[in-house]
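Reviewing the structure listed below.
The values are calculated or read from the model by the stated rules, or taken from the named source; none is laboratory data. Note that the structure is a prediction, hence the values are computed from the model and not measured. Here Cβ is always computed from backbone atoms with ideal geometry, including for glycine, and neighbour counts include all displayed protein chains. For accessibility, only protein heavy atoms count, side chains too; no ligands or nucleic acids. Shrake-Rupley method; radii C 1.70, N 1.55, O 1.52, S 1.80 Å.
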Amino acid sequence: MPTPLRYQTAGESHGHSLVALIDGLPEGLRIDLDFINHELHRRQGGYGRGARQRIESDTAEILAGTRAGVTIGSPLCLRIANRDHRLDDPDKTPALSRPRPGHADLAGSLKYGTTDCRGTLERASARETAARVAAGAVARLLLRAFGMESFGFVRGAIDVQAPIEPTATNWSALKTVRDASEVACPDVETSERIIELIHRAKTEKDTVGGWCETHVFGCVPGLGTCMQWEERLDARLAYAVMGIQAFKAVEIGLGRACAARFGSRVHDAIVYDESTRTASHFGFQRSSNNAGGLEGGMTNGMPVVVHGTMKPISTLLQGMPSVDLRTREAVQSQYERSDVSAIAAASVVMEHVVAFEVARAFLLKFGGDTMREVESAYLRYRSMS
Ligand code: EPS
């Protein structure tokens, strides 16, 4: 039995490199580095990012797991070099003893018995998400081979929300608008308003979070399972999205709002159309998608819809009330180079961690040692509809 698809990362924000180790890929998947690097480039962008992104030019190289660019069934190891690597130089990475509320600083320094938060913050930093995007981009290459696409974007921030509804037919037009937006938002007016909010935060030495969303199109019914709680796809998606730095909430479909409605206004009526029997949804469609494409922990043939909420960046230029860990006196929290907002980047990260979990569920259902085996299991299932 092949290993379930999984990945881990290594690397500190100002260490030598970031690494993603991906296990459980079938043999025969072409690793398109141009695509991976394109996604890494997207993650670096966005209005409100700090100076670090002008230093770095994130590109992945393959350390192991391929032959002539194609997987051979062994673990795949990707590396992204940090240009700004200075962790071993104490003059260039001074101690941080005035913890930033909202960051891992205080909890980490207490956990590791030190007054210097540097060790914790270096790994807690969202710089690590570059490795997650690289792993997720590999998963997206697999999804693409079977007609699935993950589409992530920024829905809004503070008091603005984009009035758009992505569907299987309009999402590629929305993607064009998103890609032209400095905040990865597929609505021009909302983009402008988010940019204004970030600009205001910058002038007021403050920071901004926001709402991200990912929709996955083209999933056949039955990815995930209701048989064990930890294998439910909705549970795995929540785990993955909550695992992104600074995310404080995850919702699927209608999410929290479903408790404000009676059942008849929540559950998605089932309709069958014989003429679409060969489509990825097997002809079974819904008049709404409040379930976000997931029922009983399984895909139901509708697009998978995941919402994530990111808190504002915790490094504030104005500081926040804190305590100096060396003297235990009241001080303002320490400032070091950071972003005013990383919401556009967060939407890219979310798009990729969601894709990874869908790819994992896909391989659990159709997995084999080779892409050919996966393809034949997938086609057999499609032909059974
Ligand atoms: C990030 C790199 C970091 C931060 C940010 C994300 O670079 P530096 O700390 O060198 O400026 O800009 O990290 C954080 C938000 C954080 O809390 O540490 C990146 O590449 O995404």
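Tabulated data for the structure shown
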item: Global form of the stretch 103-246, assessed from the alpha-carbon gyration tensor, a/c cut-off 1.5; result: oblate
item: Three semi-axes of the equivalent ellipsoid, the stretch 221-278, Cα gyration tensor, whole Å, largest first; result: 26, 19, 11
item: Rounded to the nearest 10 Å², the accessible area of residue 16 at probe 1.4 Å; result: 120
item: Inter-label distance, nm, simple model (7 Å from Cα along the C-beta direction), residue 278/residue 169; result: 2.0
item: Isotropic mean projected area of the C-alpha convex hull, the chain (nm²); result: 20.5
item: Cα gyration tensor, the stretch 183-272 - rounded (a/c under 1.5), prolate or oblate; result: prolate
item: Accessible surface of the chain [probe 1.4 Å, protein heavy atoms]: carbon and sulfur percent; result: 53
item: Residue order for 227, 371, 242 - accessible surface, 1.4 angstrom probe, largest first; result: 227, 242, 371
item: Excluding exposed DSSP-loop trypsin sites (Lys or Arg not before Pro) (at most 15 other C-beta within 10 Å), longest clean stretch of the chain; result: 93-204
item: Between the stretch 291-305 and the stretch 237-275, the alpha-carbon center distance in angstrom; result: 8
item: GluC sites (Glu not before Pro) within the stretch 200-240: DSSP coil, no more than 13 neighbouring Cβ in 10 Å; result: 204
item: 10 Å binning of all Cα-Cα separations within the stretch 151-198, expressed as whole percents from 0 upward; result: 31, 56, 12, 1
item: On Cα atoms only, tilt of 33-44 relative to the major axis of the chain in degrees; result: 50
item: Nearest-ten-degree value, helix 171-180 long axis tilted from longest Cα axis of the chain; result: 20
item: Distance from the stretch 93-151 to the stretch 316-385 (C-alpha centre basis), Å; result: 9
item: Per DSSP, loop chymotrypsin sites (Phe, Trp or Tyr not before Pro) in the stretch 219-275 with at most 14 further Cβ within 10 Å; result: 262
item: Accessible area expressed per residue, the chain, with surrounding protein chains retained (probe 1.4 Å, Å²); result: 47
item: Tilt relative to the chain, helix 343-366 - C-alpha long axis, 0 to 90 degrees, to 10; result: 40
item: Tail beyond 19 Å, pair distance distribution of the stretch 1-87 (Cα, percent); result: 45
